[in-house]
1. Would you pick out the residues in segment 1-30 that are open to solvent by 10 Å² or more (accessible area, probe 1.4 Å), more than 9 Å from the ligand (Cβ to nearest atom), modelled with pLDDT of 95 or more and out of contact with any Gly (no Cβ under 8 Å at 6 or more places or on another chain)?
2. Could you check segment 31-45 and list, in sequence order, the residues that are more than 8 Å from the ligand (Cβ to nearest atom) and of a type outside the set (Gly, Ala, Ser)?
3. Mind telling me which of the residues GLY230, GLY263 ends up being on the phi > 0 side of the Ramachandran plot and either open to solvent by less than 70 Å² (accessible area, probe 1.4 Å) or aliphatic (A, V, I, L, M) (or both)?
4. Sort through ALA50, ALA34, ALA79, ALA45 and tell me the only one that's out of contact with any helix residue (DSSP H, G or I) (no Cβ under 7 Å at 6 or more places or on another chain) and within 23 Å of GLN219 (Cβ to Cβ).
5. Can you tell me which residue among ASP207, ASP173 is near the ligand (Cβ under 9 Å from one of its atoms) and charged (D, E, K, R)?
6. Just to check your reading of the model, which residue among GLY154, GLY159, GLY92, GLY81 is within 10 Å of the ligand (Cβ to nearest atom) and either out of contact with any Gly (no Cβ under 8 Å at 6 or more places or on another chain) or not acidic (Asp, Glu) (or both)?
7. What pairs can you find where one residue is in segment 239-264 and hydroxyl-bearing (Ser, Thr, Tyr), the other is open to solvent by less than 50 Å² (accessible area, probe 1.4 Å), and their Cβ atoms are less than 9 Å apart, with a gap of 6+ or different chains?
8. Looking at segment 54-76, I want the residues that are farther than 11 Å from LEU119 by Cα and have a partner that is basic (Lys, Arg) and in a helix (DSSP H, G or I) with Cβ atoms under 7 Å, at least 6 apart or on another chain. Which pairs are those?
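The values are calculated or read from the model by the stated rules, or taken from the named source; none is laboratory data. Remember, predicted model here, so these are calculated numbers, not experimental data. In this analysis, Cβ positions are derived from the backbone assuming ideal geometry, glycine residues included, and neighbour counts consider all displayed protein chains. Each accessible area value is taken on the protein alone, full model and side chains, heavy atoms only, with ligands, DNA and RNA left out. Shrake-Rupley method; radii C 1.70, N 1.55, O 1.52, S 1.80 Å.
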Amino acid sequence: MNQHSRFAAKTILLSGATGGLGRALAMQLAQAGAKLLLTARSQPALLQLAEQLPGPHSYFAADISRATERQALCDWAIAEGVDGLINNAGCGLLALAGEQTEPELEQLLAVNLQVPISLCNTLLPTLKMRSDAVIINIGSILGSIGLPGSSLYGATKAGLQRYSEALRRELSDSRVAVFYCAPRAIATPLNSEASFAMNRKLGNAMDSPDQIATTIIKQCHKPPRSIYLGWPEKLFVRINALAPRLVDGALRKQLATIKRFAGRTK
Ligand SMILES: NC(=O)c1ccc[n+]([C@@H]2O[C@H](COP(=O)([O-])OP(=O)(O)OC[C@H]3O[C@@H](n4cnc5c(N)ncnc54)[C@H](OP(=O)(O)O)[C@@H]3O)[C@@H](O)[C@H]2O)c1
């Protein structure tokens, strides 16, 4: 155990624990001495993960898009003595506006935006009583740069970014540290084959989940803030904020390629 880690001996609720980034975070947090409360929908996958991790960890299978299962998860986490929350569960979608289905709209808004806010809301009274609590919301670079084909995904992450920013400021007089972490593309099952192919065609870098987990854990030892991961993407976030027409022009050149991969009506 790393005694100097802010996660040592902390009880951390990790959503999306069985996914690409979730597994990498779980392994590195376990190595840092955290006690993990793992959650996702698949019980067998949670059991298998818990058995692979060093140290005793607990898990709770729940579909967090359902209010009753989410409440049961929170009741369990509070009873387990939660002092940290990592909102990592998420759903991706590469689809053009006008071709996104209503179920996709509902699922992305729920899992990527409503659920993290709801978990913060329900757990905050407990977290505020801890001596050193942490909330880490996993967003995306696409929450800060509107990308064709990712309008819905980007909208959910933009909402999470702004929520996290306000929450961090609201809790700046408390002992709850709030981080928003926005990776660029990561090689995980969240990306469809079309997303992988599009990123290859456009020359977009994809990080490994292990690399991202290492960076997130390291950055979360610094003062709370929004963290953008990947170079030059973090520079593009700034350019997009200051001179969006430059980014409009660059993405206009990629539009035909993006439409080829994201389009459903050929
Ligand atoms: N991959 C990327 O390119 C990328 C880039 C930037 C940011 N991110 C963000 O990183 C985070 C992790 O993504 P990932 O790439 O690791 O995704 P992933 O491999 O697809 O894993 C998603 C995780 O979320 C869980 N999950 C999904 N829907 C759920 C639901 N309704 N209830 C409970 N659990 C649910 C899944 O488990 P079950 O299916 O068993 O429920 C799984 O553990 C997400 O917030 C994502 O937006 C990803």
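1. MET27, GLN28
2. At the first step, the residues of segment 31-45 found to be more than 8 Å from the ligand (Cβ to nearest atom) are 31-38, 43-44.
Residues satisfying the conditions are GLN31, LYS35, LEU36, LEU37, LEU38, GLN43, PRO44.
3. Values: GLY263 fails: on the phi > 0 side of the Ramachandran plot.
Exactly one of GLY230, GLY263 is on the phi > 0 side of the Ramachandran plot and either open to solvent by less than 70 Å² (accessible area, probe 1.4 Å) or aliphatic (A, V, I, L, M) (or both), namely GLY230.
4. ALA34
5. Sole residue among the options that is near the ligand (Cβ under 9 Å from one of its atoms) and charged (D, E, K, R): ASP207.
6. On the way: GLY154 fails: within 10 Å of the ligand (Cβ to nearest atom); GLY159 fails: within 10 Å of the ligand (Cβ to nearest atom); GLY81 fails: within 10 Å of the ligand (Cβ to nearest atom).
Just one listed residue meets the conditions, GLY92.
7. Pairs found: THR257/MET198; THR257/LEU202.
8. Listed by first residue and then by second, the contacts come to ALA62/ARG70.
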